[in-house]
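The values are calculated or read from the model by the stated rules, or taken from the named source; none is laboratory data. Quantities reported herein were computed from a predicted structural model and do not represent experimental measurements. Note: accessible area is taken over every heavy atom of the protein model, side chains too, but ligands, DNA and RNA are not part of it. Shrake-Rupley method; radii C 1.70, N 1.55, O 1.52, S 1.80 Å.
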Amino acid sequence: MGTFFSEPGWLCLTVTAVLGGTIFCKLKKSQGQVGRKVVCLAGLWGGACLLRLSLFWGLILFSLSCFLVYTYFSGQELLPADQKAVLITGGDSGIGHALSKYLDELGFTVFAGVLDEKGSGAEELRRTCSKRLSVLQLDITNPQQIKDAHSKVKEKVQNGGLWAVVNNAGVLGLPTDGELIPMTEYKRCMAVNFFGAVEVTKAFLPLLRKSKGRLVNISSMAV
Ligand SMILES: NC(=O)c1ccc[n+]([C@@H]2O[C@H](COP(=O)([O-])OP(=O)(O)OC[C@H]3O[C@@H](n4cnc5c(N)ncnc54)[C@H](OP(=O)(O)O)[C@@H]3O)[C@@H](O)[C@H]2O)c1
């Protein structure tokens, strides 16, 4: 205990706090799970260094590892989310619903396309998300609804364009032997999972190009 509160001990604590604080601030900005994990690891590592080694070597090793972590992660910062607009289809439930909430939380302007704008999923998005999020009626097999959704998005983003379109809406159909699946099921699957995604993509590509955005297609081996 005596050496810990000696001059080198305080120096060690101060440097540890400064380095730890710098990493913490840097990683906090990234808002991701990785950031939090690295902060915890850095804390554990620092503690282990100070407990197991002499103060001198503990400090050297901890400072070096902080520097390496800091250098590595400073190049991996996420792009700022503000002013970036994202369209997600199939926001009623599942992945699309969760992604709409998550991106809204990160600060994106989210357009959550839903199959039923009066359904519980759409209601929940309105209730729990920020004012930036817009719920759009968007059955991706309905060309008129795609057109209407496009007009609303265009009106809201103006010249900003769309930073991403996430083709998430999909149906699973009957997970059974192909021979037993009726043709109506194949056709429904193609209408939503393939032609719907293609039509949404075609409609929104000009807005994506405007902001050099990205197209994200979510699919499944099962369909
Ligand atoms: N979950 C997984 O493990 C997994 C694995 C691989 C790939 N995926 C893919 O990930 C995507 C989302 O899956 P999920 O698990 O989140 O399924 P989900 O909960 O069923 O979500 C799909 C959403 O799409 C909606 N939808 C269905 N037909 C639509 C249409 N014509 N227009 C607009 N929206 C429509 C559904 O609305 P309703 O609920 O009202 O029908 C539902 O909200 C799908 O493309 C799926 O193939 C999922």
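A 1.4 Å probe run over the protein chains yields, for the stretch 85-217, 56 Å² of accessible area per residue, whole-number rounding.
What is the mean projected area of the alpha carbon convex hull for the stretch 74-180, to one decimal in square nanometres? If you can, show how the numbers build up before the last one.
Working: hull surface 37.3 nm².
That works out to 9.3 nm².
What percentage of the solvent-accessible surface of the stretch 85-217, computed with a 1.4 Å probe over protein heavy atoms, is contributed by carbon and sulfur atoms? Ligands and nucleic acids excluded, carbon and sulfur reach 57 percent.
Between the stretch 194-223 and the stretch 96-148, what's the alpha-carbon centroid distance in Å? The stretch 194-223 and the stretch 96-148 have Cα centres separated by 16 Å. Distance distribution note for the stretch 122-223: the fraction of Cα pairs above 20 angstrom is 48%.
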